[in-house]
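Participant: Have a look at the structure that comes next, please.
The values are calculated or read from the model by the stated rules, or taken from the named source; none is laboratory data. Quick caveat, the model's predicted, so the values are computed rather than measured. Note that each Cβ is placed from the backbone with ideal geometry, even for glycine, and that neighbours are counted across all protein chains shown.
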Amino acid sequence: MAGYNIHKMQKKLKKYMDEARYTHTLGVMYTAASLAMCHGEDIERAQVAGLLHDSAKCIPNSKKLKLCRQKGISVTEAEQRSPYLLHAKLGAYLAREKYHVQDPEILSAIECHTTGKPDMTLLEKIIFISDYIEPLRSKAANLAEIRRLAFWDLDRAVYATMRDTLRYLEQENANLDNQTVVAYNYYSELIHRREET
């Protein structure tokens, strides 16, 4: 695997983010590296995916839609209604085109970090969870429990994160991406099967 100049990537990325988003991004990168150490994933890959996961977040929503149309990136109905969701797909595009990341698994981890998906790889789970539990996060329900789970059982941590995210979105009457529901059902079934055996 080609080595990445993470310091150079950080300097470039910082130009396109406000301070709060950049601080969050560093938190995700460090959390991803820690989880990679704990679970046996390549640390550099986890750092790169964590660093670039929100690379498109600060692009205005109307521009996100426009860029997706220009670049031939598919837009679901949920993303059309809530264009902020597109930052994951656009982030994967930017990681490839602007930061020269060719590793398909890093790109996939960036692309699914918002909604999750069924049967995620180790790296995908690490980025999905790191985004939720990084040190500056403070408002999510059951955060302390999920932080503990993340270093013990990633599948349970993914399940708990999706469960709490869906509850929150339902309470807020927010737009729901069907991909999250499909992913939640997969991990719910996985955890229940494991508990039965």
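Participant: Looking for something small (Gly, Ala, Ser) and closer than 19 Å to Phe128 by Cα - is there at least one such residue anywhere in region 1-18?
Facilitator: First pass over region 1-18, keeping only residues small (Gly, Ala, Ser): 2-3.
When the remaining residues are screened for being closer than 19 Å to Phe128 by Cα, the result is none.
No, the conditions are met nowhere in region 1-18.
Participant: Given the condition of a type in the set (Phe, Trp, Tyr), in a helix (DSSP H, G or I) and in contact (Cβ under 8 Å) with a residue 24 or more places away in the chain, answer yes or no: does some residue in region 22-37 qualify?
Facilitator: So far as region 22-37 goes, yes, one or more of its residues are of a type in the set (Phe, Trp, Tyr), in a helix (DSSP H, G or I) and in contact (Cβ under 8 Å) with a residue 24 or more places away in the chain.
Participant: Still on this structure, I have one more. Kindly check whether there is at least one residue in region 167-182 that is surrounded by 15 or more Cβ atoms within 10 Å (Cβ to Cβ) and not in a helix (DSSP H, G or I).
Facilitator: yes
Participant: Scan Thr121, Thr161 and give me the residue that is modelled with pLDDT of 95 or more, closer than 21 Å to Cys38 by Cα and crowded, with 23+ Cβ neighbours inside 10 Å.
Facilitator: Thr161
Participant: Please state which one of Ala88, Ala78 is of a type in the set (Gly, Ala, Ser) and either under 20 Å from Gln47 (Cβ atoms) or assigned to a loop (DSSP other than H, G, I, E, B) (or both).
Facilitator: Within the list Ala88, Ala78, the selection yields Ala88.
Participant: Do you know which of the residues in region 138-163 that are part of a loop (DSSP other than H, G, I, E, B) and without any contact (Cβ under 8 Å) to a residue 40 or more places away in the chain is farthest from Ala88 (Cα to Cα)?
Facilitator: This residue is Trp152.
Participant: When you scan region 101-131, how many residues do you find that are polar (S, T, N, Q), without any contact (Cβ under 8 Å) to a residue 60 or more places away in the chain and either in a helix (DSSP H, G or I) or within 16 Å of Leu26 (Cα to Cα) (or both)?
Facilitator: Within region 101-131, residues that are polar (S, T, N, Q), without any contact (Cβ under 8 Å) to a residue 60 or more places away in the chain and either in a helix (DSSP H, G or I) or within 16 Å of Leu26 (Cα to Cα) (or both) number 1.
Participant: Restricting attention to region 124-135, which residues are in contact with a helix residue (DSSP H, G or I) (Cβ under 6 Å, 6 or more places away or on another chain) and either surrounded by 18 or more Cβ atoms within 10 Å (Cβ to Cβ) or farther than 21 Å from Tyr159 by Cα (or both)?
Facilitator: Within region 124-135, Glu124, Lys125, Ile126, Ile127, Ile129, Ser130, Asp131, Tyr132, Ile133, Glu134 qualify.
Participant: Just to be sure, is Glu134 modelled with pLDDT of 95 or more, closer than 28 Å to Ile43 by Cβ and under 17 Å from the mean Cα position of the chain (by Cα)?
Facilitator: The answer is yes for Glu134.
Participant: Six or more apart or on different chains, Cβ under 9 Å: which pairs go from a residue in region 180-193 that's at pLDDT 95 or above to one that's in a helix (DSSP H, G or I) and basic (Lys, Arg)? Could you list them?
Facilitator: Tyr184/Arg163; Tyr187/Arg156; Tyr187/Arg163; Ser188/Arg163; Ile191/Arg156
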